[in-house]
Amino acid sequence: MFEKTCDGRHSPTHTPRRMRGRAMREDDSSMGTTVITDDVAGLAAIDDALVELAVWRRELPKKLSAWLDALRPASLPDLRVLVRLDDLKTALSHEWRTPPGSASTARDLLINDITQLAMSFARLSRQPYDDPIDVRLETIQTNSCWKFHRDHVRLRLLTSYRGRGVQWIDPSLSERALVEQNRFDGPIQELPRHHVAVLRGSASCDGNGLVHRSPPIAGTGETRLVLCLNQPCKTSPPIWSAVESPSVRR
């Protein structure tokens, strides 16, 4: 078995099956449920103890995607902050210095989107507004978190702003994937770019959680930009302040 804490990291080769189809609920009363929605409000389905994954299908402005794709990997943000919602925009602006001449409008779109997702995650986590959120905006060019695992968190929000999204296993095949790892030849679901996933971890009330991994990209030349939101944990950095700004960069 493999589990990850809120900053966990960990390459198999086979073709993933991409998520398709209209908004739906895939039920298995014994193993868990995946809910796919076309509205951010639908992410609240994760409140159901039987739901291991809620996915919001969405698109972001093409201007933002084109701008991020054009940036050199070294110019992409790569940061981690533990920050209160009121300070999040300031923290992101302070910790990510974009290259001279970069499109400020596209940058603002990204920062505003992250802020909106953080607010949604705070509501889903039922945490007080003033409590901080652990925000990771990570540039990835390796097989990060390549093993199938469950996160040792209650809830986690993931989205990919550039490159492929998280891969997960149908709950009925979870235990097999955990044992077989890179020998697993069953179907693998993959989150499309910009779609938002809220997944349940092993620290939730039932002790199970979604089995997932990062997509294998080593050697492909692909660069991913991934947002990961968590509640504070023992490995979180100190709370961000404009004076100290103790970001943790990878």
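Values computed for the structure shown
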quantity	calculated
Per-peptide average of other Cβ atoms within 10 Å, ordering 47-54, 161-168, 85-92 highest first	161-168, 47-54, 85-92
Anisotropy class of the range 65-196 from Cα gyration tensor, a/c 1.5 cut	oblate
Neighbourhood charge, 9 Å Cβ-Cβ cut-off, centred on V166 and excluding it, Lys, Arg +1 and Asp, Glu -1	+1
Prolate/oblate/rounded call for the range 116-250, Cα gyration tensor, a/c under 1.5 rounded	oblate
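Laboratory data are not the source of any read-out in this text; all were calculated from the coordinates shown. Note that the coordinates shown come from a computational prediction; the quantities given were computed from them, not determined experimentally. Please note: Cβ atoms are built from the backbone with ideal geometry, for glycine as well, and neighbour counts cover all protein chains shown.
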